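Here the structure is laid out as structure tokens; the discussion comes afterwards.
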Amino acid sequence: MKYTLICLLALAGTACQRTAPVAHQMAPDKLMTAATGTFVNKGGQQTHGTYTCLRQGEDLYLELSADFGTDEGPDLHVMLSPTALDSADNDNANVPGAFIVAPLQAQKGSQRYDLPDTLQLQHYRTVMIHCVKYSHLYGAAPL
């Protein structure tokens, strides 16, 4: 009986022991893919490669792949458009509601563009490479 009582007290004592709180490290915001697509030629110009829209916390980015490339041209911009890929052409690429992201950084290779945190991707149907000055569409990808 004495042995049982000692065991019960020992067990009760270990059950009541407090452990030091564990410090939880906050992992940095994960990089999540919001959209991705492959460029097709438009307007008689050659454009190839892919894009990816990435969200990291509150930040939103559009990245062109390492294999991205487009023909040389003046005033090329990366643009988001509400126009559907199949119907996108020189006349309807830069319509009301389109969003010009930025001038194209380079004709080839990987590049990253910051997008506004408040940008609602669901309002757009294509990512475009577009010559704003002459309203000429070079390539587009579904969004």
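The values are calculated or read from the model by the stated rules, or taken from the named source; none is laboratory data. None of these values were measured; they are calculated from a predicted model. No Cβ is skipped: glycine too gets one built from the backbone with ideal geometry, and neighbour counts run over all protein chains shown. Quick note on the areas: whole protein, heavy atoms, side chains included, nothing else; ligands and nucleic acids left out. Shrake-Rupley method; radii C 1.70, N 1.55, O 1.52, S 1.80 Å.
Please give the per residue accessible area of the stretch 23-119, computed with a probe of 1.4 Å over protein heavy atoms only, in Å². Don't skip to the answer; put the middle values down first.
On the way: 5530 Å² over 97 residues.
For the stretch 23-119, the per-residue accessible area is 57 Å².
Please express the Cα-Cα pair-distance distribution P(r) of the stretch 55-97 as a list of whole percents, one per 10 Å bin, running from 0 to the bin with the greatest distance.
Using 10 Å bins, I get a P(r) of 19, 40, 35, 5 for the stretch 55-97.
Report, by chain and number, residues whose modeled amide H sits under 5 Å from the one on Leu104, excluding near sequence neighbours (fewer than 5 apart, same chain).
Amide H neighbours of Leu104, under 5 Å, 5+ apart: Leu76, His77, Val78.
How many angstrom lie between the Cα centre of the stretch 102-143 and the Cα centre of the stretch 59-83?
Spelled out, the Cα-based centre of one part sits 4 Å from the other.
In sequence order, what are the phi-derived ³J(HN,Hα) couplings for the stretch 29-34 according to the Karplus relation 6.51 cos²θ - 1.76 cosθ + 1.60 with θ = phi - 60°, rounded to whole Hz, with x for glycine and proline?
3, 6, 7, 10, 7, 9
Grab the Cα-Cα distance for Leu121 and Glu58, subtract it from 0.36 nm times how many residues apart they are, and report the gain in nm with one decimal.
Result for the pair: 21.3 nm of gain on full extension.
Out of the total accessible area of the stretch 55-143 (probe 1.4 Å, heavy atoms of protein only), what percent is carbon and sulfur?
The computed percentage sits at 46.
Using amide H atoms built 1.01 Å from N in the peptide plane, name the residues 5+ places from Ala35, or on other chains, whose amide H lies under 5 Å from its own.
Cys53
Given labels modelled 7 Å from the Cα in the Cβ direction, how far is it in nm from Asp67 to Ala84?
Rounded to a tenth, the inter-label distance reads 2.8 nm.
Translational diffusion coefficient, Stokes-Einstein: compute it for the stretch 48-128 using the Kirkwood radius over C-alpha pairs as Rh, at 25 °C and 0.890 mPa s, and state it as an integer in µm² s⁻¹.
Calculated translational D: 185 µm²/s.
Using each residue's phi in the stretch 122-138, evaluate 6.51 cos²θ - 1.76 cosθ + 1.60 at θ = phi - 60° and report the 3J(HN,Hα) Karplus result to the nearest Hz, with x for Gly and Pro.
After applying 6.51 cos²θ - 1.76 cosθ + 1.60, I find 5, 7, 10, 10, 9, 9, 10, 10, 9, 7, 5, 4, 10, 6, 10, 8, 9 Hz.
Residue separation times 0.36 nm, minus the C-alpha to C-alpha distance between Asn41 and Asp114: what's the value? Please list the in-between numbers first.
Values: separation 73, 0.36 × 73 = 26.28 nm, distance 2.43 nm.
Result: 23.9 nm gained on full extension.
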